[in-house]
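Following: one structure in structure tokens, then a few remarks.
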Amino acid sequence: MMYFDDRLYLIAGAALITIGLYALLAHRHFLRRILALNVMGSGVFMVLITYSARTAGSIPDPVPHAMVITGIVVSICATGLALVLAECVQALTGRTELSDERETSEHTGARPDTSDEQHQDQSP
Amino acid sequence: MLYLFDLVLLVVIVLLAWRSLNDADLFRGTVSFIALGLLIAVAWVRLRAPDVALAEAAVGSGLTGALILSALVRMRRRGRDAPRPNHAGGAIPRRLIGVLLLALFLCLCGAMLRLAQWPEGLTETALAELPASGVSNPVTAVLLNYRSYDTLLEVAVLLLAIVGVWSLRRAEWPGDVRESYPLLMPLLRIVLPTLVLAAAYVLWIGTSKPGGAFQGGALAGGAFVLMLLGGFGRRALRHRYRMRVALSCGLLVFIAASVGTMLLTGEILRYPAGFAGHWILAIEAAALISIACTLGLLYLGGRPEEAGDGTPVNRSVNGSKNGSMGR
Amino acid sequence: MIVLDVLTGLLLCAAAFFFVSGTVGLLRLPDIYSRLHALTKADNVGLGLTVVALMLQAESWSEVFKLVLIYAMVLSASATVCYLIGNEAHRRGQRPRRSGAN
């Protein structure tokens, strides 16, 4: 029972996975990486739900729906724990990135990602 | 006509995802992420997945965004946040990553579009057993009857997350805003009871319509977060056993149900015939309390303890003043 | 009924107009206070028109009641949030932009 073309959703899911993976590899700030993991998760969920919507039946396949609901809850738990770990790293070392990456960037001569100035409250 | 709507929605989703991850300002990026979550919830509705849409709008967008925003504010308050994106490259140059990921994207699209056109799926199997499962919503039947073992482990993951967070640091309480924002109190007086009622309703209706324990727990978790923002609950949270009982009651009830079913019917989590609906509702009710408390306490980001004289502790990890000077 | 469908369509178009004008206000107005003004007022009117349009299509009185409840909650939440943002901006020293200055 095809009433719309859902291949668009598959492509969008693949795009979300790729965008999330790019941000995970290219940025080094903790929060950006955590956001990137969440976006990747959303992309994977979109692929799963699209396949469940493509099944030939009166209703979409409920098993991937249950798996995605479980996945959403598990991913917020992982995000919460990762945020607390990031805050602990920042409180202990003062940096907002992992320390071995700092050494790598110093090796290549690039600027390390810490700043001593207070963050200015920007106007929206 | 709906095809056009799908196209526009997905283009906006992809662009918003790019903006939220690559924005120079992390605050703007996080707000874009929250908006992205809401648009993805619309996509779930389009894909005929209303249960997932409820969970995504409440948990995936709202609560995750609130967690990240509160962590961002706390990290900035510590003054070490770099306001610019790090263009200083790492060990692998960005262009190479970009090219490789473009190739990955094309391979993913090709692989996905080649998979089965109209897969068989488990719809007929799920629907065939639905009358005996005790509920009439197939997703709830999958979550709490066919694959209830997975849900047991998921509730355990919730408890693990809060155990991890509590072992790592003490909570920093948000400042008491009741005096500086007097309009917050009337809103909380209206919204908090309504949210609790809505959570109970979503739990109850989940047996026959889209809903369930996780969606209701997310609503109640949102109420918990609002309560924390309004400055309530400090004394209640510091009580020694209350929070621990609330956090673990979901898992404990689930384990008790597993043992009970094993004794009654000989198989783990095989509900006695005719009473499956009652067992499911009991497990879901306990899980809702646990989910709400876990999500609210994840927002708090630490153990709610006092410094010994009852005043809230506003510093985070013990004594790292030397370390925060940078090494 | 065709009359109800036509009315629903008209109300939804009006609601879309209000939402678009709120977004235009967000993008084009000079300071935070006027932007809050545009967002909360225009968007809430748009949401109200949408709710009325959906009430015409509802199938039972309980759906109508739920729609009204949704509108009431969004209204109270957005009014409070508008106040909180404005108060915080004022506390941080942002002042409304006067015409002719800077």
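Read-outs throughout are calculated quantities, based only on the coordinates presented, and are distinct from any laboratory measurement. Keep in mind that what you see is a predicted model, and the values were worked out from it rather than measured. Virtual Cβ from ideal backbone geometry, glycine too; neighbours counted across all protein chains shown.
Just a few scattered comments:
- Shown here for region B:142-202: GluC sites (Glu not before Pro) in loop regions (DSSP other than H, G, I, E, B) with at most 14 other Cβ atoms within 10 Å, namely B:Glu179.
- Put a plus charge on the Cβ of each Lys and Arg, a minus charge on the Cβ of each Asp and Glu, and nothing anywhere else: the dipole of region B:134-317 about its Cα centre is then about 260 debye.
- Additional length obtainable on full extension of the chain from B:Ala35 to B:His278, 0.36 nm per residue less Cα span: 83.7 nm
- If you bin all the Cα-Cα distances of region C:2-91 at 10 Å, starting from zero, the percentages per bin are 18, 38, 29, 13, 3, 0.
- Cα pair distances exceeding 24 angstrom across region B:134-317, given as percent: 44
- Other-chain or far-sequence residues with amide H under 5 Å of B:Arg303's (modelled H): B:Arg169, B:Arg170, B:Ala171
- Spin-label model distance (nm) - B:Trp204 vs B:Ala156, 7 Å beyond Cα toward Cβ: 3.3
- Rounded to the nearest 20 debye, the dipole size of the protein assembly as shown about its Cα centre is 1720 debye, using +1 on the Cβ of Lys and Arg and -1 on the Cβ of Asp and Glu.
- Alpha-carbon Debye profile of chain B, log10 I(q)/I(0) at 0.14 Å⁻¹: -1.29
- Label-zone membership for region C:63-79, site C:Leu10, 7 angstrom Cα→C-beta point, backbone N under 13 Å: none
- A Cβ-based charge dipole, computed about the Cα centre of region C:1-85 with Lys and Arg at +1 and Asp and Glu at -1, lands at about 280 debye.
- Mean sequence separation of contacting Cα pairs (under 8 Å, at least six apart), scaled by the length of chain C, corresponds to a relative contact order of 31 percent.
- Sites C:Ser21 and C:Arg95 - FRET efficiency at Förster radius 22 Å, r taken between beta-carbons, to 0.05: 0.30
- Lys/Arg +1, Asp/Glu -1 at C-beta; chain C dipole; positive extreme among C:Gly9, C:Ser34, C:Phe65: C:Ser34
- For region B:1-77, Kirkwood radius (reciprocal of mean inverse C-alpha pair distance, Å): 13.1
- Note on the protein assembly as shown: Cα-Cα pairs beyond 32 Å make up 50% of the total pair count.
- For chain B, leaving out every one of the chymotrypsin sites (Phe, Trp or Tyr not before Pro) that falls in a DSSP loop and has at most 12 other Cβ atoms within 10 Å, the longest unbroken run is B:1-240.
- All distinct Cα pairs of region A:7-96 go into the 1/r average, and the inverse of that average, the Kirkwood radius, is 14.4 Å.
- Taken along the Cα-to-beta-carbon direction at a fixed 7 Å, the label points for C:Glu88 and B:Val42 span 2.5 nm.
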